[in-house]
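Below is one structure, written out as structure tokens, with a few remarks after it.
The values are calculated or read from the model by the stated rules, or taken from the named source; none is laboratory data. For clarity, every value in this text was computed on a predicted model and none was experimentally measured. Every residue, glycine among them, receives a Cβ derived from its backbone with ideal geometry; neighbour counts consider all protein chains shown.
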Amino acid sequence: MEQTTNILDIITQLLFITFLFMAFTGADARLRMYIWAKNIKVRMEEIKNYAEESEKETLDVLKKLNVKNAEEIVKRLKEFFHINPVDIEPTDITKRMAHIMRSGLERWEKMLSDSMPEDIPKAQKHNALVLVEITNSLNMLYKIVRHYLLMSLKTNNFFLMMQLWMIMPMITKMSKTLREAIETFKNCRPVGDSVGPLVAFRLMKDKKRMWRPSKDTVAGEVDLDGRRVIVVKAEGPGATVGNPGEAIRKVVEELGGNADLILTVDAALKLEGEETGSIAEGSGAAIGDPGPEKIAIERVATKYGIPLEAVVIKMSAEEAITDMPEKVAKAADEAVRKVVERIKELPEGATAIVAGIGNTCGVAQ
């Protein structure tokens, strides 16, 4: 018994000495960095595989569409980037941002369109464009993670490595979701973010007329118990978000500002603990663009003193870009009911503009 106690004492002392040695020499930090680096590399390879699979799927789709030089196009576009406008001088920053974003999108569209047969449907072109965008995003994610990993190893930066290790589960989850989204967009199935256009589609099924107020965006006029309702959505069923801000601005200007309500319907990211498909109402423009489209709605509403309200359907980021969950599809019916109820609160003869915001993949008009 005494011999066993002595052995335990010796082991305890050795462990204590080892601990002191590692603490004073920094060996413990280097050991943690080694473990973290191994963990990050495993997850980084996972992201790399997602990026390679996405590129392969995109190439397969483009080749089926008889796109010439598909490999060269994907190679160029997966490295494409946008440079944000100067923000230390904020004058007209949203106009400059809109110009930069549209210039980039037009460049993408031109590169694909010039290499595609002319008889390819517009919806398939939009879907192919989204697949390239997903490939671009996954490629950038992989390169950014690799950059910070190599930088932290090169500079022996303990804290940079720790921060990267802590956020890697979220980055990996985001990458996996983008990879899963490839199948959804490839087959033109509605995503969670399509709930806004789905609400618009159901509202405009009895439309009197339809027109295109802006690029890739349609508007339909319906009568609702003596109220004039103009419904705006992206032109489907291809994967596009259109230009709803510009479309609403043009519709209001055509009405001479004589609108009694602008109501936007969109998907919204839920907080942890909230239920998918739950609906909330509020004021303001519900639209998740970087700024140009949203500010166009806000400006025209402010200019003419038009109430600006919103209805949002909540979901997670993963649900927003993958197959639309059943709860979200059912919530669209409830959202339609809320929109109709709100419009009926207006006096007869009033005019309301309802915009279904979001990616209209799989949702026509």
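Does Met101 satisfy the criteria of being under 21 Å from the mean Cα position of the chain (by Cα), part of a helix (DSSP H, G or I) and not charged (D, E, K, R)?
yes
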Notebook entry, point to check: Just one of Arg202, Arg209, Arg189 is over 28 Å from Asn139 (Cβ atoms), within 24 Å of the chain's Cα centre (by Cα) and among the charged types (D, E, K, R); which is it?
Noted result: Arg202
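Before we move on, is Ile144 surrounded by 14 or more Cβ atoms within 10 Å (Cβ to Cβ), of a type in the set (Val, Ile, Thr) and assigned by TED's automatic domain parsing to the domain that holds Met44?
Details: surrounded by 14 or more Cβ atoms within 10 Å (Cβ to Cβ): no; of a type in the set (Val, Ile, Thr): yes; assigned by TED's automatic domain parsing to the domain that holds Met44: yes.
Considered against the rule, which asks whether it is surrounded by 14 or more Cβ atoms within 10 Å (Cβ to Cβ), of a type in the set (Val, Ile, Thr) and assigned by TED's automatic domain parsing to the domain that holds Met44, Ile144 comes out as no.
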Next item on the list: Please find, among Thr58, Thr94, Thr25, the residue that is of a type outside the set (Asp, Glu), surrounded by 12 or more Cβ atoms within 10 Å (Cβ to Cβ) and modelled with pLDDT under 90.
Entry: Thr94
Check: Which is of a type in the set (Asp, Glu), exposed (fewer than 15 other Cβ atoms within 10 Å of the Cβ) and at pLDDT 95 or above, of Glu221, Glu253?
Finding: Glu253
Notebook entry, point to check: Within the group Val252, Val265, which residue is under 21 Å from the mean Cα position of the chain (by Cα) and either of a type outside the set (Asp, Glu) or closer than 11 Å to Ala310 by Cβ (or both)?
Noted result: Val265
Notebook entry, point to check: (1) surrounded by 15 or more Cβ atoms within 10 Å (Cβ to Cβ); (2) at pLDDT 90 or above: which one isn't true of His99, the others all being true?
Noted result: (1)
